[in-house]
Amino acid sequence: EHLIAELNQVVHGKRSEKLNDDERQLAFEDLEAAVAEAETRQDAEAAPRTPPRRAARRNRGHLPESLPRVERVIEPDSLLCPCGCGEMHRIGEDRTERLDIVPAQLRVIVTVRPKYACRRCAEGVSQAPAPAHLIEGGLPTEGALAHILVSKYADHLPLYRQSQILARAGIELHRSTLADWVGTAAFHLGPVVDRLTEHLKTSSKLFMDETTAPVLDPGRGRTKTGYLWALARDDRSWGGGDPPGVVFTYAP
């Protein structure tokens with residue numbers, strides 16, 4: 001009832017009292033989850049002889065063909081015919097597909113560089129050079145840095161929450177350490193962003209959008225207004241051959 005009241009407020013309330021997009025999405029998620037829980041409880045409490053309810057029409061998504069398939073064949077306990085005439089033959093099969101999610105796997109990359117020397121002379125030691133790393137002498141691999149950046153900027157997962165997630169797997173990384181990694185990666189990605197900006201500015205048609213966002217201002221104990229500009233190109237609707245691209249620029 002509380003969720004329904006909130007949704008009614010979204011539709012019929014004053015503009016200043018309406019929920020924002022994130023709050024509205026959360027409200028719908030909670031309401032749909034509550035409905036699914038109630039339906040499941042009704043199914044569990046229904047008598048065995050009660051005919052099953054018609055399945056609710058939901059969009060369960062499409063499983064792409066590119067996803068790896070793990071087949072599990074479930075054979076009957078016995079293939080002998082009940083009448084005793086011998087073993088039964090396979091005449092068909094039923095196949096069902098369900099989406100499975102394997103949690104992120106944390107692993108340690110151990111780099112071993114053997115040293116070699118001649119037993120007969122003193123010409124020195126031979127050893128392969130150490131591979132170049134984005135953070136020299138640092139702990140993360142480039143894959144780990146990419147995961148942290150995508151989680152922060154694409155999935156809106158703050159660093160302190162990522163630190164808590166890693167802690168559940170036994171990896172103690174303070175938020176300040178993750179912030180150092182993000183800053184180093186941002187520095188190295190700067191030339192890529194600059195080059196993309198130059199490339200987009202050579203286009204004949206560009207889109208520009210300005211969005212304001214509240215930004216924390218700890219010194220004053222309140223928020224200030226930040227400005228985010230998106231410079232985008234997308235000629236697909238006009239038959240253009242250039243690939244779409246977008247560059248974001250931020251200024252407090």
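The values are calculated or read from the model by the stated rules, or taken from the named source; none is laboratory data. Small disclaimer: the values here were computed from a predicted structure and weren't measured. Note that each Cβ is placed from the backbone with ideal geometry, even for glycine, and that neighbours are counted across all protein chains shown. Side chains included, ligands, DNA and RNA excluded: accessible areas come from the protein's heavy atoms. Shrake-Rupley method; radii C 1.70, N 1.55, O 1.52, S 1.80 Å.
The distance linking region 206-252 with region 92-164 is 32 Å (Cα centroid to Cα centroid, whole angstrom). For region 212-228, the residues whose backbone nitrogen is under 16 Å from a point 7 Å from the Cα of ASN20, taken along Cα to Cβ, are 212-217, 222-228.
What ranking of CYS85, CYS118 comes out by heavy-atom accessible area, probe 1.4 Å, highest first?
Working: CYS85 105, CYS118 70 Å².
Order by accessible area, largest first: CYS85, CYS118.
With all protein chains kept in place, the per residue accessible area of the chain amounts to 88 square angstrom at a probe of 1.4 angstrom. Above 22 Å, the calculated P(r) of the chain contains 80 percent of its Cα-Cα pairs. With springs connecting C-alpha atoms under 10 Å apart, model the chain as a Gaussian network and identify which of GLY190, GLY219, GLY143 has the largest mean-square fluctuation. Most flexible of the set in this elastic network: GLY219.
The 1.4 Å probe gives accessible areas that order ASP235, ASP94, largest first, as ASP94, ASP235. Counting other Cβ atoms within 10 Å, which GluC sites (Glu not before Pro) in region 113-204 have at most 12 and lie in a DSSP loop? Listed in order of number, the matching sites are GLU123, GLU136, GLU172.
Surface calculation, 1.4 Å probe, protein heavy atoms: LEU99 sits at approximately 120 Å² accessible.
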